[in-house]
Structure formats: structure tokens, C-alpha cells
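Notes to accompany the following structure.
Every number here is computed from the coordinates shown, using simple stated rules; none is lab data. Source: prediction; values computed, not measured. Don't worry about glycine lacking a Cβ; one is built from the backbone with ideal geometry, like all the others, and counts go over all protein chains shown.
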Amino acid sequence: MNNLRISLFGSVRVENDLNPANNAKLTNTISTLLAYLILYRQRAHPRDVLASLLWSDYPQERARGCLNTALWRLRQVLEPSGVPPGTFLLSTAMGELSFNCQANVWIDVVEFERIIKMAIAIPYEAALTEKIHELETTINLYKGDLLDGCYCDWALRERERLYQYYLDGLFYLLGYYHSKNQYEKAIGWGQTILMYDPLREDVHRQLMRLYVENGQRTLAVKQFHRCRDVLNLELGITPMSETQGLFEQITAQRRETLPVGQPGATEVRVAIERLQNAIETVNRAQHDLQSALERYE
């Protein structure tokens, strides 16, 4: 069992069973220092580099003093009384600092990256149910952006990298449940992706296919409209020909659902086509009005 648990998604949190009173005593600077040492744990860091990284506006001597104070406070949290010095924070003979990669500690970002990397490398047909459940649990570790509120260049790079892993994990679950014909679960994961990245046209297309396969053609058409509108609003472009072609295929299939020989089928078919055309006209008019209002404002 890990006595120490560290979370970097959202705000930094440290839970130490040996010293629970100190769990919430991390300032922003100490949190940033801890996160940097964890994210770049494969190498040792000169103290001058760390000092200039975190206190770039201070003279070197003062920055070194601030680093020493921050390290002392960090050790109080990670290595309280009863924990040997160097269990989690290592210092070389040259004074370089690093986080102990071999320490018995649970870190959310480390587990997150490890499990998602392994999961998405496995073909859908070879994926074990328990591994899929493990992936779903791991996805939920993403409580918010890495180091939310920190805008250092290195933090932004790591934030984007882990965010892409998050989307990769979601997309894998979407594809896995689609391959198993579990449409509702697949649709749920697809909708989650679009909450974070609404411009993913490939996800819009997959949702359109899922709705059709689940007998929800009307929702498939609505999904196309959402795709078209967000692309126009955010990028000023129209959907790709692949997306447009899928939409046309879906609407053509809708018109073919009524048997030609049934009494009144022609009249109903014509009425449906008129209604669909009217809906398209209204949607275009609403979009044009919204664009005009935005330009006016």
C-alpha cells in the first residue's frame, strides 16, 4: 500500500497517511516545484536552474534562499518524522535534486499515462474487459488540467501532452464500444470528446454512424448540423466531403424507408422531403442571423 499519494490534475494535492495534518500545506510555489520534479523525474536538476525557474524575478542569491526554504517545507510534507530523508527527494553530492522514481508512491499523472499508453496499444478484439474497466477508471483521474492556474512554458507543454492522452483514451473507448455494438456507451464517450474538442470532425462522423446503427437517424442528422455549425462558427469552414457524403447517404436512406407500393406513400414521401428542406432552410436562416448579429456586436 502507498502511504503517499500525489495528484497533479487540477490543483496539486498530497495525501500522506503518516502526516495527515500537513496534507493541505502546499503553497503555489511548492506545488509547482513538486510538480516539476515529478514530471521531469528521470534526471537530476541543478539548484541554480530550479531557483531561476521558480524565482526568475529575484537576484540569484535570494532565489537560492527561496528554493532552500521551499525544499525544507516540501520535505516536511513528503518526509515527515519516521520517514528516512531521501525517501522521495534525492540530492546528489553536487547538490542536484530529483524525485525518487523508485519510491513507493502513487502519482495520478504517472498512473494515468502508463495505463492509457498500454490500453490504446491493444486492438479492440484483444482487449480484456477488466482492462477496459481499468481504462475507464483511469480516465476519471483527469479532474482538470494539469497544474491548473500555472502558465509556465514547461507546464503548458506537459498539460497539452497529457490532455492529448486523455483524448486518446476517450477515443479508444468510443471505438471499443462501437466495435462491440454497445451503442449507448460509445455515444456517451463520443459526446464527452466533443465537450472538450468540438472541432473533431472524425468524432462527429462516428457519432452519426452510431446513431444510424442504433436506429436514431434523426439524431444522426442533428449531429451533422451541430458539426456544420461549429465548424462554420469557429473556423469559417464547411464539413469535409466525407462528412457531407455521410450526411447525404443518411438522408437518402431516410427517404427510402417507406415502401413505394403503399397507398399514400408518394404523398408522405413528398411531405417528408418538403419538411426536411424546410428544416434545412430554417437552420441556415438561424445560422445567418446569428452570424449577422455577431458582426453587428
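For each of Thr87, Thr137, count neighbouring Cβ atoms within 10 Å of the residue's Cβ, then give the residues from fewest to most.
So the ranking, lowest neighbour count to highest, is Thr137, Thr87.
Dipole magnitude of segment 140-226 about its Cα centre, charges +1 at Lys/Arg Cβ and -1 at Asp/Glu Cβ only, in debye to the nearest 20?
My answer is approximately 400 debye.
Please compute the net charge surrounding Gly10, taking Lys and Arg as +1 and Asp and Glu as -1 over other residues with Cβ under 11 Å from its Cβ.
It works out to a net charge of -1.
Give me the net charge of Glu134's neighbourhood, meaning all other residues with Cβ under 13 Å from the Cβ of Glu134; Lys, Arg count +1, Asp, Glu -1.
That works out to 0.
How many angstrom separate the Cα center of segment 149-184 from the Cα center of segment 24-54?
About 26 Å separates the Cα centre of segment 149-184 from the one of segment 24-54.
For a Förster distance of 35 Å, can you work out the FRET efficiency between the beta-carbons of Ser11 and Met240, rounded to the nearest 0.05?
After rounding to 0.05, the efficiency reads 0.35.
Figure the gain on full extension for Thr218 and Leu141 (residue separation times 0.36 nm, minus the Cα-Cα span) and round it to one decimal in nm.
24.3 nm
Test of understanding: what is the full-extension gain from Ala103 to Asn181, defined as 0.36 nm times their sequence separation minus their Cα-Cα distance?
23.8 nm
What distance in nm separates the simple spin-label points at Thr27 and Asp148, each placed 7 Å from Cα in the Cβ direction?
Simple spin-label model gives 2.3 nm for this pair.
Order the peptides 61-73, 161-173 from the highest to the lowest mean number of other Cβ atoms within 10 Å of their residues.
Packing proxy ranking, top to bottom: 161-173, 61-73.
Remind me, relative contact order of segment 77-221 in percent, using alpha carbon pairs under 8 angstrom and six or more residues apart?
Taking the mean separation of contacting Cα pairs over the length of segment 77-221, I get 14 percent.
One quarter of the convex hull surface, Cα atoms only: what value does that give for segment 93-181 in nm²?
7.9
Rounded, prolate or oblate, given the Cα gyration tensor of segment 158-229, with a/c below 1.5 counting as rounded?
oblate
Counting Lys +1, Arg +1, Asp -1, Glu -1, what net charge surrounds Pro239 among other residues with beta carbon under 13 Å of its beta carbon?
Within the 13 Å Cβ shell, the charges total -2.
At a Förster distance of 35 Å, what's the computed FRET efficiency of Leu167 paired with Glu248, Cβ-Cβ distance as r, to 0.05?
It comes to 0.80.
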